[in-house]
Amino acid sequence: MTQMADSMTMPEAIRVCCDMPGFVADWRRCDQFSNFLAESFSLAKADPFAFSNMLSTIINEVLETIFYHNAGHGFLTLQLSEENTATVLRAEFAVDHSTRLMYEHIVDTLANQDPVVLYEQLLFQVSSIDSRDICLYEIAADYGVRLTIETARQPGVICLTVRMALNNCLKTEIGNN
């Protein structure tokens, strides 16, 4: 599903930007970025620790995918916000044509098939898939996230949007009915 990105559709809560070469220069940045964003965003939640822990895991999987699949130049912009009952992560970054096709394939496959079944199939076929490609399937299966790709205003740039209902996950995971 491809849409036109419009920063006016969602109120911003947290937005960070870094240059892509700096981001990919050090693997630890995925974890550091994830923790920073999740902890900052979760401060006002009813259970900030549990919310932050789940959110950090999801952000880290997205960043890990971006770490391995990007054009190697430009900027990485991350925006976290609330939209109705969903937490929304938007990641905007440069990609080449084949990488864009890879992201579009993952998003379309997850939109049209059962994410749990897809993820389990990939787990049992590890030899036939690069393990770096499984992260987005994992968060769709484990956390029920919905992925879309929006067309960014700059050529060669995509915006991967991850919508997640973490409050629902907390109710089922922790038992807060």
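Structure above, values below:
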read-out: Residue list for segment 130-158, restricted to those being out of contact with any strand residue (DSSP E or B) (no Cβ under 9 Å at 6 or more places or on another chain) and not hydroxyl-bearing (Ser, Thr, Tyr); value: ASP130, ARG132, ASP133, ILE134, CYS135, GLU138, ALA141, ASP142, PRO155
read-out: Segment 139-155, residues that are farther than 14 Å from LEU166 by Cα and open to solvent by less than 50 Å² (accessible area, probe 1.4 Å); value: LEU147, THR148, ILE149, GLU150, THR151, ALA152
read-out: Residue within segment 56-65 that is in a helix (DSSP H, G or I), touching a helix residue (DSSP H, G or I) at 6+ places or on another chain (Cβ under 7 Å) and open to solvent by 70 Å² or more (accessible area, probe 1.4 Å) present; value: no
read-out: Residue list for segment 24-39, filter: closer than 23 Å to ARG163 by Cβ, touching a helix residue (DSSP H, G or I) at 6+ places or on another chain (Cβ under 7 Å) and either surrounded by fewer than 16 Cβ atoms within 10 Å (Cβ to Cβ) or not acidic (Asp, Glu) (or both); value: CYS30, ASP31, PHE33, SER34, ASN35, LEU37, ALA38
read-out: Residue in segment 68-83 that is of a type outside the set (A, V, I, L, M) and assigned to a helix (DSSP H, G or I) present; value: yes
read-out: VAL117 vs. criteria part of a helix (DSSP H, G or I), in contact with a helix residue (DSSP H, G or I) (Cβ under 9 Å, 6 or more places away or on another chain) and more than 20 Å from GLU64 (Cα to Cα); value: yes
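The values are calculated or read from the model by the stated rules, or taken from the named source; none is laboratory data. Just so we're clear, the structure is a prediction, and the values are computed from it rather than from any experiment. Note that each Cβ is placed from the backbone with ideal geometry, even for glycine, and that neighbours are counted across all protein chains shown. We work out accessible area using only protein heavy atoms, side chains counted, and drop any ligands, DNA or RNA first. Shrake-Rupley method; radii C 1.70, N 1.55, O 1.52, S 1.80 Å.
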